[in-house]
Amino acid sequence: MTNMQDVKEFVTEYIQREYTVPEDKDIMILNYIEEGYIDSMGFIQFISTIEDEFGIEFEVEDIENPDMRIVGKLIEIIKDKLNA
């Protein structure tokens with residue numbers, strides 16, 4: 001069973017590892033696409049990595065949801081999928 005902390009750590013560590021986010025940024029409210037950390041190809045790769053890691057699948061409407069681009073909201077979406 002994956003808990004919320006696991007999801008949060010996975011997502012935040014991935015973004016920190018792949019795209020160095022300054023320490024003074026609140027990563028939970030970071031819109032990683034608008035702020036230029038991840039481009040569209042990187043986003044697809046990121047989503048695919050999340051799907052593989054947690055055994056979930058994102059639908060087209062998930063991908064189009066602006067909340068997917070904000071770290072804290074993305075974590076909530078993943079949690080909801082895990083609990084579905």
Going by the structure shown, is Thr20 among the polar types (S, T, N, Q) and under 10 Å from the mean Cα position of the chain (by Cα)? no
Residues in region 19-75 that are on the phi > 0 side of the Ramachandran plot and modelled with pLDDT under 90 total 1
Qualifying positions in region 1-30 - exposed (fewer than 15 other Cβ atoms within 10 Å of the Cβ) and outside any helix (DSSP H, G or I): Met1, Asn3, Thr20, Pro22, Glu23, Asp24, Lys25, Asp26
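Residue-wise test of (1) within 12 Å of the chain's Cα centre (by Cα); (2) surrounded by fewer than 17 Cβ atoms within 10 Å (Cβ to Cβ).
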{"site": "Asp39", "(1), (2)": "no, yes"}
{"site": "Gly42", "(1), (2)": "yes, yes"}
{"site": "Gly55", "(1), (2)": "no, yes"}
{"site": "Ile63", "(1), (2)": "yes, yes"}
{"site": "Ile70", "(1), (2)": "yes, no"}
Within the set of pairs 6+ apart or on separate chains, which have a first residue in region 38-61 that is in a helix (DSSP H, G or I), a second that is at pLDDT 95 or above and surrounded by fewer than 11 Cβ atoms within 10 Å (Cβ to Cβ), and C-beta atoms under 9 Å apart? Glu51/Glu57
Scan region 62-76 for residues that are part of a helix (DSSP H, G or I) and either touching a residue at least 60 places away in the same chain (Cβ under 8 Å) or of a type outside the set (Val, Ile, Thr) (or both) and jot them down. Asp62, Glu64, Pro66, Asp67, Met68, Arg69, Val71, Gly72, Lys73, Leu74, Ile75, Glu76
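The values are calculated or read from the model by the stated rules, or taken from the named source; none is laboratory data. On a predicted model such as this, the values are computed, not experimentally measured, just so you know. Virtual Cβ from ideal backbone geometry, glycine too; neighbours counted across all protein chains shown.
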